[in-house]
Amino acid sequence: MGIFDNKKTAGQDLLLPRHIAIIMDGNGRWAKKRGLPRTAGHAAGAETFRRIATYCRDIGVEYLTVYAFSTENWKRSVQEVSSIMGLLRRYLEEAVDSMTRERVRIKVLGDTSALSPDIQELIRRTEEIGSKIDTKAQANLCVNYGGRDEIVRAVRRWAAEEPGTQLTEDVLSKYLYTAGMPDPDLIIRPSGEIRISNFLLWQSAYSEFYFTDVLWPDFTTGDIDRAIEEFRKRDRRYGGAK
Ligand code: IPE
Ligand code: IPE
Ligand code: MG
């Protein structure tokens, strides 16, 4: 039982992050430690994602955004990239069947035009189903996502759609992949790396960060509890003073 399994504790919901974002890192090192190919690490990481997404839904987190494949991850070997794409394909196929029953709306954030046509079609179907589900839980999968790329695209789209108008923070936000979603309250990075790696650059302006040495395939619901517990102790000032 995690600390958030009992949702009846008074006042607890107020301190629950509405939006958690995770950089799912450490799959390769997890596999290496076991003498397995990196692809085995990605398969194990995908299982961890399934468990964590379900847990976040159950404890009442509204948005879970995970970094699955960056705009820079194409630098990896063809075998590794295609195994990650294979896992994505399988996940989306499953989602098409189970999303309504599981009550989690799944969205893919990133430049999906570079993905294979069948994956693009699965994303289209997922979005269509997602738009009809009545649920508060949403899982965003960042695929071929880069924070800088997202901002450049947003500015280009704004320039094409609203030329000659004033660009403000609110207007720019409308053109980001995360349009209409709250910024992440808590960003978690496992695997011991202390960097952002081009994730949610705009949206993380006032996010709280939580780092842990646990490798993503080993990450448990207990690690989510620990991150939330730590989050609850933070004093979010947003530049103000007490
Ligand atoms: C994260 O794990 C998954 C992706 C970046 C696709 P890594 O594959 O980066 O694992 P490490 O960092 O090499 O251990
Ligand atoms: C960030 O991890 C991207 C994802 C987890 C998808 P990386 O493993 O690509 O990041 P770096 O190279 O360590 O910064
Ligand atoms: Mg890594």
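Quick notes on this one:
- Note on the stretch 17-233: lysine pairs with Cα distance below 22 Å, sequence gap of 8 or more or different chains, count 6.
- Residues whose amide H lies under 5 Å from that of K107, counting only those 5 or more places away or on a different chain, are A139, N140, L141; hydrogens are built 1.01 Å from N in the peptide plane.
- When each of D58, D225 is scored by the number of other beta-carbon atoms lying within 10 Å, the sequence from fewest to most is D58, D225.
- Assuming charge only on the beta carbon of Lys and Arg (+1) and of Asp and Glu (-1), the dipole of the stretch 17-233 about its Cα centre is about 480 debye to the nearest 20.
- Intensity falloff of the stretch 7-140 expressed as log10 I(q)/I(0), Debye formula with alpha-carbon point scatterers, at q = 0.12 Å⁻¹: -0.52
- Gained length - L167 relative to I133, 0.36 nm times residue gap less alpha-carbon distance: 8.9 nm
- Model label points for R90 and E229, set 7 angstrom from Cα along the Cα-to-Cβ axis, are 3.3 nm apart.
- Global form of the stretch 94-136, assessed from the alpha-carbon gyration tensor, a/c cut-off 1.5: prolate
- In Å, descending, principal axis extents of the Cα set of the stretch 17-233: 57, 44, 36
- From least to most packed, judged by other beta carbons within 10 angstrom and beginning with the fewest, R50, R57 follow the order R50, R57.
- Sorted fewest first by neighbouring Cβ atoms within 10 angstrom, I151, I20, I119 come out as I151, I119, I20.
- Here the 3J(HN,Hα) profile of the stretch 134-146, calculated from phi with Karplus coefficients 6.51, -1.76 and 1.60 at θ = phi - 60°, is 9, 8, 9, 8, 10, 10, 9, 9, 8, 10, 6, 9, x Hz, Gly and Pro shown as x.
- Around the Cα centre of the stretch 46-131, unit charges on the Cβ atoms of Lys, Arg, Asp and Glu (plus for the first two, minus for the last two) sum to a dipole of about 140 debye.
Values quoted throughout were computed directly from the atomic coordinates according to the rules given, and no laboratory measurement underlies them. Since this is a predicted model, take the numbers as computed values, not measurements. Quick reminder, even Gly has a Cβ in these numbers, built from the backbone with ideal geometry, and neighbours come from all protein chains shown.
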